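The values are calculated or read from the model by the stated rules, or taken from the named source; none is laboratory data. This one's a predicted model, so the numbers in the text were calculated from it and none came from an experiment. Cβ atoms come from the backbone with ideal geometry, glycine included; neighbour counts cover every protein chain shown. Surface areas here come from the heavy atoms of the whole protein model, side chains and all, with no ligands, DNA or RNA. Shrake-Rupley method; radii C 1.70, N 1.55, O 1.52, S 1.80 Å.
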Amino acid sequence: MEEQEKLGFFGIIFDAILALFVNLGLGFWHIIQAILHPSVWLDWSNKESLLRFVYYGGSKELLFVFLDVVIVLTVIGFFYRPLLWTLVRGLEKINNTVGRVAAWAGLLMVLQQIMVVFLQSIFRLGEITIAPFGAGFTQSVGWFSESLKFENALVVSLCVSYAFIQGSHVRVDLVYAGVSHRVKRMIDMFGALFFMLPVAMLTWMYAWFFLWRHLITPKVSASDKIDLMLKKARIVKWNVETVSFSANGFNGYFLFKVLILSFLCLVILQALAFFYRSYLELIEGEESIGKYLDRDTLGEGEEVYEGTH
């Protein structure tokens with residue numbers, strides 16, 4: 001009985017390993033098919049193409065395509081280190097640029113709140129018209145007041161990875177500060193590979209369908225198979241969520257779902273950049289700490305205040 005249990009256990013392990021390599025191999029085939037036949041999933045005038053895009057955007061097929069690309073780049077980078085540094089600089093540049101632009105939403109939020117308070121409480125206006133170049137944009141004061149939530153979400157979702165690069169995130173340190181340089185880098189690599197990436201990718205697979213459930217009807221879910229998706233193509237239609245929580249309130253709540261995916265995309269890119277940076281700093285030693293790192297500064301002579309803003 002024990003021998004049969006052992007054989008069954010090893011059989012499960014073997015099947016899992018075999019399935020992993022089969023799916024990794026199929027990932028390359030899916031890359032080739034997607035490149036050679038873009039209309040099959042990008043021609044949204046065809047409802048079947050739209051539903052293929054919806055299905056594969058949160059599928060295990062996309063997961064293994066992503067893993068194939070990462071594995072190939074990583075293996076090449078292990079032999080040609082400048083490629084990894086290029087990836088680190090490029091990925092961090094993306095997150096820094098997005099974060100620096102999105103941070104201005106904080107200023108917009110403050111100015112808009114002041115405008116709402118003055119026009120609603122002092123001048124008793126029910127609507128606000130903004131027409132800087134002649135083209136008017138009129139919405140209720142309630143709409144502008146509720147849209148502050150979206151601007152706050154812009155800062156939160158799009159500046160997370162930017163804050164990570166800048167070292168502005170909160171860290172609870174129990175052992176990290178007292179260990180050697182090599183151990184620190186190994187902790188960083190482990191955290192990026194087994195915490196940041198898996199959580200972000202798993203969340204993506206569900207957040208993707210959460211978005212599309214508010215864009216098209218009939219509703220789709222992560223459990224739908226491709227055959228069921230294609231059967232829905234005959235009756236599928238756009239049904240963009242435009243409800244608001246109050247009368248004449250902000251009606252673009254589907255944009256919050258888009259921000260969830262944007263947040264996850266930036267976190268995935270930063271997890272890769274952090275893993276590669278940690279590996280390179282492990283291999284090249286302490287002198288490579290902060291190499292090519294683009295962090296904001298308050299200017300010459302203000303170094304004492306760095307990290308406190």
Roughly how much of PHE137 is accessible, in Å² to the nearest 10, using a 1.4 Å probe?
90
Working with all protein chains in place, sort MET229, MET189 by solvent-accessible area computed with a 1.4 Å probe, largest first.
MET189, MET229
For THR74, THR217, give the ranking by accessible area with the largest first, probe 1.4 Å.
THR217, THR74
Just for the Cα atoms in the stretch 204-256, what are the lengths along the principal axes, largest first, rounded to whole Å?
40, 26, 11
Considering the chain as a Gaussian network with a 10 Å cut-off on Cα pairs, which listed residue, LEU158, LEU266, LEU20, attains the greatest mean-square fluctuation?
LEU20
Could you pull out every residue, at least 5 positions away or on a different chain, whose amide H is within less than 5 Å of the one on ILE216? Hs are placed 1.01 Å off N in the peptide plane, and Pro or chain starts have none.
ASN239
Filter on LYS47/LYS93; LYS60/LYS219; LYS93/LYS184; LYS231/LYS257; LYS237/LYS257; LYS184/LYS291 - keep pairs with C-alpha separation over 28 Å:
LYS47/LYS93
Just grab the label-to-label distance for MET186 and SER246, each label 7 Å out from Cα along the Cβ direction, in nm (one decimal).
5.6
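Under the definition of Cα pairs under 8 Å and six or more residues apart, what whole-number percent is the relative contact order of the stretch 122-227?
Details: 32 pairs, mean separation 10.4, N = 106.
Result for the stretch 122-227 is 10 percent.
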With the cut-off at 1.5 for a/c, could you classify the stretch 217-301 from its C-alpha gyration tensor as rounded, prolate or oblate?
oblate
Everything considered on the Cα gyration tensor (a ≥ b ≥ c; rounded for a/c under 1.5, else prolate if a/b is larger than b/c, else oblate), the stretch 23-145 must be described as oblate
GNM flexibility winner over the chain from THR86, THR203, THR138 (Cα, springs under 10 Å):
THR138
May I ask you to list, by number, the DSSP H helices of the chain whose Cα span along the axis is at least 27 Å and whose average Kyte-Doolittle hydropathy reaches -1.0 or more?
2-36, 60-79, 81-102, 254-284
If R0 = 35 Å, then LEU83 and LEU18, at their Cβ-Cβ distance, give a FRET efficiency to the nearest 0.05 of 0.70
Springs between alpha-carbon pairs under 10 angstrom, Gaussian network model over the chain: which of GLY77, GLY290, GLY58 fluctuates most?
GLY290
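Using only DSSP helix segments of four residues or longer, with each worth -39500 (n - 2.57), what per-residue ellipticity at 222 nm results for the chain after dividing by its residue count and rounding to 500? All intermediate terms of the calculation are to be shown ahead of the outcome.
Working: 12 runs with 195 residues, N = 309.
Helices in the chain give a 222 nm mean residue ellipticity of -21000 deg cm²/dmol.
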Starting from the residue with the highest accessible area, list ILE289, ILE130 in decreasing order, probe 1.4 Å.
ILE289, ILE130
